[in-house]
């Protein structure tokens, strides 16, 4: 699910553990805020689309699709897109965007996915995995629903950022959670993310049977320079998100599985 903002100062606030990550409670405000902001519209989504490349005719699962902006962009490029999200209200907004015939399903990435083996050519997961403590079961399911040679294109909070927002800093080599209050559109909501060191991320991909293809730290869309002159410099010179492309080995060759 696309991220609203990534300003470290907002992450120093405590969160109400009983209501964390409740996207149903702020779906409309979230969707409105990230529609045209720098972080999502001019950074995270363009980077995901660039890594996806030519998607015409490809069957793509948008895992954590939110209100559907990435799904819409992929569909506009000719992909056959299916979206899943744990928030029913976010999916209602996605259906409003994508139409009544869109393939949208309420599904939690901590649970088995409701799809057949090899159902998709690609899975995209934009700023979602850092909601999970253990990536293992989720990545195993994603690999299952990808065909041989299929790709997972994923983005997460950059570990260099996630481990520097607390003082004193936590143990970089440990997987730890952090909670914070997220403020946007005049609304403040409690959130909880998990941070992992880079090697734990890459180990999780390879343990699930993926082959690492790309690790990317992209630049924001140059068009953002004039639209967001005060923020553009920070996003073009400092770490924010980390992007991966990992592939299912082509089992037909018999050499990589």
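The values are calculated or read from the model by the stated rules, or taken from the named source; none is laboratory data. Worth saying up front: this structure is predicted, and the values here are computed from it rather than measured. Backbone-built Cβ (ideal geometry, glycine too); neighbour counts: all protein chains shown.
Evaluate the following for residue 44: is it under 17 Å from the mean Cα position of the chain (by Cα), in a helix (DSSP H, G or I) and within 21 Å of residue 132 (Cα to Cα)?
yes
Being part of a loop (DSSP other than H, G, I, E, B), in contact with a helix residue (DSSP H, G or I) (Cβ under 9 Å, 6 or more places away or on another chain) and in contact (Cβ under 8 Å) with a residue 12 or more places away in the chain narrows it down to one residue among 125, 110, 71; which is it?
None of the others qualify; the one that does is 110.
Over 30 Å from residue 31 (Cβ atoms) and either modelled with pLDDT of 95 or more or not in a strand (DSSP E or B) (or both): is that true of residue 230 in this structure? Full working, then the answer.
Details: over 30 Å from residue 31 (Cβ atoms): no; either modelled with pLDDT of 95 or more or not in a strand (DSSP E or B) (or both): yes.
Answer is no for this residue.
Out of 190, 249, report the one residue that is assigned to a loop (DSSP other than H, G, I, E, B) and either in contact with a strand residue (DSSP E or B) (Cβ under 7 Å, 6 or more places away or on another chain) or closer than 16 Å to residue 156 by Cβ (or both).
249
On the given criteria, is residue 197 at pLDDT 95 or above and more than 29 Å from residue 31 (Cβ to Cβ)? Don't jump to the end; show me each part of the working.
On the way: at pLDDT 95 or above: yes; more than 29 Å from residue 31 (Cβ to Cβ): yes.
Here the answer is yes, as residue 197 does meet what is asked.
Those residues that are in a loop (DSSP other than H, G, I, E, B) and either within 15 Å of residue 127 (Cα to Cα) or touching a strand residue (DSSP E or B) at 6+ places or on another chain (Cβ under 9 Å) (or both), I need them from segment 193-202; list them, please.
Correct list: 196 only.
Evaluate segment 214-235: report whether one residue or more is in contact with a strand residue (DSSP E or B) (Cβ under 8 Å, 6 or more places away or on another chain), under 25 Å from residue 150 (Cα atoms), surrounded by 13 or more Cβ atoms within 10 Å (Cβ to Cβ) and free of Cβ contacts under 8 Å to residues at least 40 places away in the same chain.
Within segment 214-235, one or more residues are in contact with a strand residue (DSSP E or B) (Cβ under 8 Å, 6 or more places away or on another chain), under 25 Å from residue 150 (Cα atoms), surrounded by 13 or more Cβ atoms within 10 Å (Cβ to Cβ) and free of Cβ contacts under 8 Å to residues at least 40 places away in the same chain.
(1) touching a residue at least 24 places away in the same chain (Cβ under 8 Å); (2) surrounded by 24 or more Cβ atoms within 10 Å (Cβ to Cβ); (3) more than 23 Å from residue 206 (Cα to Cα); (4) in contact with a strand residue (DSSP E or B) (Cβ under 8 Å, 6 or more places away or on another chain): which one isn't true of residue 102, the others all being true?
(2)
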